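Structure first, commentary second.
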Amino acid sequence: MTTFAKSLLRHALVIVGLIAMPALLMPNLAKAESILSAVQIYSQDELLELINKNEHLKRVRDDDCQLVEDIKARAEKMKVPAYQFLYGDMLLYGVCIERDAQLGMLYIERSAAQGLPDALEQLGRYHAQGKFVRANKVRAVEYLYTASSTGHIKAQMQLVELYLEGYGDPSSYYDVYHWLHNAIIGDRKDQKRAGELLLLLAQKMPAELVKQAQRPLER
């Protein structure tokens, strides 16, 4: 083979190599893109905000169910209350995992036992409605009172509604009136409803007690 032919052959090999290089790199590029697009586990504050807005299940769906094992581990092994609540709701509604209402309620109860206000409120609401459990408004009052004591406004309003139906201990009216009267409520519709409930609850309380309950909340 002449020197000229050898030179042409070398150039041809270089060109073939350059053409083939992108194809060789594609698997690694795809792998890198997969790593970059991986969904990060939610922080505690982020998850609590999602739960408060009732957007936690939507977020799990929007993330294409990529975090199921991470969520389960934080609920089951690490026993993080917010993740117990999330995992419980996923089980209750069959979001990204097979539906199991009994196990779902167990995790909501575990979250409530650790004092998560949203879990306490949800258990109170479900017992009042008879959702997933037999209706038990006496038990609902217990859960909602505990949630109300943490400043959970939705729980407070539901609790007043149960008081107006005749459930609960009248000696607790003062506390709930005091909390709801001093609650900071951003939504105008909720503000209006809270005002209506307070007026109705006041009718079941001595005027002097209502006056005392309207004192500022110690924050």
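Would you be able to tell me the number of residues in region 175-219 that are small (Gly, Ala, Ser) and not in a helix (DSSP H, G or I)? Of the residues in region 175-219, 2 are small (Gly, Ala, Ser) and not in a helix (DSSP H, G or I). Taking every residue in region 137-158 that is more than 17 Å from SER111 (Cα to Cα) and pairing it with any residue that is assigned to a helix (DSSP H, G or I) and open to solvent by 60 Å² or more (accessible area, probe 1.4 Å), at least 6 positions away or on another chain, the pairs with Cβ-Cβ distances below 7 Å are MET157/ARG193; GLN158/ARG125. Quick check: is even one residue across region 190-201 under 30 Å from ARG110 (Cβ atoms) and either open to solvent by less than 50 Å² (accessible area, probe 1.4 Å) or within 24 Å of the chain's Cα centre (by Cα) (or both)? Checked against the condition, which is being under 30 Å from ARG110 (Cβ atoms) and either open to solvent by less than 50 Å² (accessible area, probe 1.4 Å) or within 24 Å of the chain's Cα centre (by Cα) (or both), region 190-201 yields at least one hit. Small (Gly, Ala, Ser) and within 24 Å of the chain's Cα centre (by Cα): does that describe ALA119? So ALA119 passes the test. Residues of region 116-174 that are assigned to a helix (DSSP H, G or I), surrounded by 21 or more Cβ atoms within 10 Å (Cβ to Cβ) and small (Gly, Ala, Ser): ALA119, GLY124, ALA128, ALA140, ALA147, SER148, ALA155.
Suppose we filter ARG110, ARG99 for residues that are in contact with a helix residue (DSSP H, G or I) (Cβ under 8 Å, 6 or more places away or on another chain), open to solvent by 60 Å² or more (accessible area, probe 1.4 Å) and assigned to a helix (DSSP H, G or I); which single one remains? Going through ARG110, ARG99 in turn, just one is in contact with a helix residue (DSSP H, G or I) (Cβ under 8 Å, 6 or more places away or on another chain), open to solvent by 60 Å² or more (accessible area, probe 1.4 Å) and assigned to a helix (DSSP H, G or I): ARG110.
The values are calculated or read from the model by the stated rules, or taken from the named source; none is laboratory data. Not measured: the values here are computed from a predicted model. Here Cβ is always computed from backbone atoms with ideal geometry, including for glycine, and neighbour counts include all displayed protein chains. These accessible areas exclude ligands, DNA and RNA; they are computed on the full protein's heavy atoms, side chains included. Shrake-Rupley method; radii C 1.70, N 1.55, O 1.52, S 1.80 Å.
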